[in-house]
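Colleague: The structure under discussion is supplied below as structure tokens; questions concerning it will follow.
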Amino acid sequence: MRPSAPHVVGIDFSDASARALRSAAGLALTAAAPLHVVHADETQTPARARPADSLLTDLRAFVRRTFEGHLPGVRITYALARALSPGLALSSYASDVDARLVVVGTHGRRGVKRLLLGSVAEEVVRTAPCPVLTIPDPVAEVATPANRPVLAPGDFSMASEEGLRLARAWATRLNAPL
């Protein structure tokens, strides 16, 4: 793992992204990595797009509310990313900053809602240039990820071998069972 490569967390101002933010901050702190807090949005016509300064103000306020004013001891960069879809925007941003990890929350939509709204998390998992951690809804929150097992499913492919290598590195870093 690259020591200075950032962790990226996608924020859509929902409870799911607040959970992802808390998890990403804990992991970034553990890994001594900077955290990029990114609002990823789809490209809109200029008349419909919210001004960037307004979105960045909202992003900073969301982070302060999530941590109740006590920001974690991690360097935070705030950013906006736009592309044809939020998932592609987040993946493109992660590629641009050579991210080590992307963290996204999931809303747990199923059936027709998922069909109509899609899954940003699923798109990020498919298109990101680095490992992606999805935080499900709901998830038992913990102050730190230490000593929680790291799960590394495998199918004997080259990709699962790489996943196992990364899982072993995270388990070692977190002092957690694999």
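The values are calculated or read from the model by the stated rules, or taken from the named source; none is laboratory data. It should be emphasised that the depicted structure is a prediction, and the values quoted were computed from it without experimental measurement. Cβ: placed from backbone, ideal geometry, glycine included. Neighbour counts: every protein chain shown. Areas reflect the complete protein model, heavy atoms only, side chains present, ligands, DNA and RNA absent. Shrake-Rupley method; radii C 1.70, N 1.55, O 1.52, S 1.80 Å.
Colleague: Set the Förster distance to 22 Å, then compute FRET efficiency between residue 151 and residue 96 from the Cβ-Cβ distance, nearest 0.05.
Modeller: Working: r = 29 Å, r/R0 = 1.33.
Computed FRET efficiency for residue 151 and residue 96: 0.15.
Colleague: Given the protein chains as shown and a 1.4 Å probe, how many square angstrom of residue 98 are accessible, to the nearest 10?
Modeller: Accessible surface of residue 98 is approximately 90 Å².
Colleague: Let me ask something else. If I take R0 = 30 Å and measure r between the Cβ atoms of residue 172 and residue 60 in this structure, what FRET efficiency does the formula 1/(1 + (r/R0)^6) give, to the nearest 0.05? Please report the intermediate quantities before stating the final value.
Modeller: Working: r = 34 Å, r/R0 = 1.13.
Once the sixth-power term is evaluated, E becomes 0.35.
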